[in-house]
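Here the structure comes first, spelled out in structure tokens, and everything after it is commentary.
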Amino acid sequence: MTINVAIIGAGIGAEHLAAYLTLPEHYSVKVVCDLNTARAQSIASPHGIAVEEDYAQVLVDESIDLVDICLPPHSHLETSVAAIRHGKHVICEKPLVSSVKEADELISVVSASNHKLFPVFQYRYGLATAQLTALITAGLSGKPYTASIETHWNRGADYYSVPWRGTFSGEQGGAVLCHAIHNHDLLCRFFGPVKRVNALTTTRVNDIETEDCAAINFEMQNGALASSSITLGAATDTTRLRFCFEKLTVQSGETPYAPATDQWTFQARNSQDQAAIDEIVRGVVVDHSGYAGYFKAVSDVLAGKPADDVTVSDGRQSIELVAAVYAAASQGRSVALPLSEQSPYYGSLHPQLPLTNGAD
């Protein structure tokens with residue numbers, strides 16, 4: 001089955017396109033849509049792909065099976081709902097939506113349709129994460145103890161020259177929402193859901209509205225503890241993950257945007273287990289990583305095959321965790337999950353601010 005795709009947004013959409021092109025037996029990108037048609041043409045024309053300025057025209061095209069939304073965060077809900085209601089499957093870049101309430105609204109729309117929506121968490125796909133998954137499945141990890149997550153990246157004035165970035169109305173949040181969200185997804189993937197959050201956030205690096213530094217502590221539902229250190233003021237872009245399990249300590253490399261493609265170390269706590277760990281690690285093979293691995297999982301789901309895909313519920317979990325972090329930082333207290341619908345942070349990531357519906 002070949003899935004006909006429309007990419008809406010030619011910024012990060014360029015990376016999506018590159019991944020689709022590695023999966024020609026699964027996908028055919030038919031159109032790239034962007035208000036900046038020159039930008040769209042720069043990535044589409046070399047591959048003979050059509051360009052469209054108005055995404056409404058894409059939605060009424062009956063030949064399109066899947067709409068891949070690569071737009072600024074404030075537009076994700078509206079565009080996703082429109083695509084689902086026009087009978088399309090949807091892939092949506094992070095953050096999925098702008099509040100837990102919006103996530104629930106989106107889930108309701110998807111549940112009432114015959115189509116699927118897939119939030120983008122491409123960090124899940126790669127050799128290293130597959131190796132860790134295999135070790136957990138084999139019972140060689142034991143219960144999780146602690147984890148530390150570092151999202152230490154470098155973002156300056158050039159990055160924030162895009163008008164909607166660094167604003168609450170356009171980007172909806174800062175480094176917690178838009179940069180560390182992938183690493184926090186990996187934390188929950190391997191350590192399970194979060195029970196409680198404490199957090200500090202601040203803006204120290206850039207002259208922007210949103211936070212660019214954070215220090216977060218997590219208590220997981222299974223009793224494990226984790227910490228997350230975030231800054232956009234590092235000298236280089238570095239992502240580093242360390243997971244300590246009962247039987248196993250795991251450490252990533254420092255690759256920032258595709259950590260699962262780097263070489264991780266898997267060290268047994270009991271040296272007698274190391275041979276079994278090494279054997280499993282050597283035996284894991286993956287065909288695709290990053291976006292390509294993610295898109296392959298999506299195509300498997302749409303073909304009715306078993307797949308380790310990202311669900312709309314995963315997207316909701318990621319937004320709820322961000323909301324809890326912002327609540328904890330703003331209120332100076334520990335915040336428990338799940339959030340109640342009565343919480344002001346259920347309906348808005350920043351209930352204390354007069355946000356608009358679009359970028360200023």
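Exactly one residue out of Ala180, Ala199 is closer than 30 Å to Asp308 by Cα, modelled with pLDDT of 95 or more and out of contact with any Lys or Arg (no Cβ under 7 Å at 6 or more places or on another chain), and it is Ala180.
Of all residues in the stretch 292-315, at least one satisfies being of a type outside the set (Ser, Thr, Tyr), in contact with an Asp or Glu (Cβ under 9 Å, 6 or more places away or on another chain), closer than 23 Å to Met220 by Cβ and in a helix (DSSP H, G or I).
Restricting the first member to the stretch 84-102 and to residues that are among the aliphatic types (A, V, I, L, M), and the second to residues that are buried (at least 22 other Cβ atoms within 10 Å of the Cβ) and assigned to a loop (DSSP other than H, G, I, E, B), the beta-carbon pairs closer than 8 Å and six or more apart or on different chains are Ile91/Val120.
When Ala307 is tested against (1) farther than 29 Å from Glu15 by Cα; (2) at pLDDT below 95; (3) among the aliphatic types (A, V, I, L, M), exactly one condition is not met: (1). Within the stretch 94-108, the set of residues being over 11 Å from Gln172 (Cβ atoms) and either among the hydroxyl-bearing types (Ser, Thr, Tyr) or surrounded by fewer than 20 Cβ atoms within 10 Å (Cβ to Cβ) (or both) comprises Lys101, Asp104, Glu105, Ile107, Ser108. Taken together, Ile91, Ile107, Ile84 contain a single residue that is closer than 17 Å to Val298 by Cα, in a helix (DSSP H, G or I) and outside the structural domain of Trp164 (by TED's automatic domain parsing), which is Ile84.
Among residues of the stretch 139-156 being among the hydroxyl-bearing types (Ser, Thr, Tyr) and within 19 Å of the chain's Cα centre (by Cα), the one that is farthest from Cys244 (Cα to Cα) is Thr151. On inspection, Thr236 passes the criterion of being of a type outside the set (D, E, K, R) and either buried (at least 23 other Cβ atoms within 10 Å of the Cβ) or in contact (Cβ under 8 Å) with a residue 40 or more places away in the chain (or both). Residues considered: Gly166, Gly156. Of these, the only one that is in contact with a Phe, Trp or Tyr (Cβ under 9 Å, 6 or more places away or on another chain) and without any contact (Cβ under 8 Å) to a residue 60 or more places away in the chain is Gly166.
Among the residues of the stretch 52-79, those identified as under 21 Å from Asp185 (Cα atoms) and out of contact with any Ser or Thr (no Cβ under 8 Å at 6 or more places or on another chain) are Asp68, Cys70, Pro72. Considering the conditions (1) over 25 Å from Thr311 (Cα atoms); (2) under 21 Å from the mean Cα position of the chain (by Cα); (3) at pLDDT 95 or above, Asp207 is excluded by exactly one of them, (2). Given the criteria in contact (Cβ under 8 Å) with a residue 60 or more places away in the chain and either surrounded by fewer than 17 Cβ atoms within 10 Å (Cβ to Cβ) or out of contact with any Lys or Arg (no Cβ under 8 Å at 6 or more places or on another chain) (or both), does Glu246 qualify? For Glu246, the condition - in contact (Cβ under 8 Å) with a residue 60 or more places away in the chain and either surrounded by fewer than 17 Cβ atoms within 10 Å (Cβ to Cβ) or out of contact with any Lys or Arg (no Cβ under 8 Å at 6 or more places or on another chain) (or both) - is met. Among (1) surrounded by 19 or more Cβ atoms within 10 Å (Cβ to Cβ); (2) of a type outside the set (S, T, N, Q); (3) in contact with a helix residue (DSSP H, G or I) (Cβ under 7 Å, 6 or more places away or on another chain), where does Ala175 come up short? Of everything listed in (1) surrounded by 19 or more Cβ atoms within 10 Å (Cβ to Cβ); (2) of a type outside the set (S, T, N, Q); (3) in contact with a helix residue (DSSP H, G or I) (Cβ under 7 Å, 6 or more places away or on another chain), Ala175 misses just condition (3).
The values are calculated or read from the model by the stated rules, or taken from the named source; none is laboratory data. Since the model is a prediction, treat every value here as computed from it, not as a measurement. All Cβ positions, even for glycine, are placed from backbone atoms using ideal geometry, and neighbour counts span all protein chains on display.
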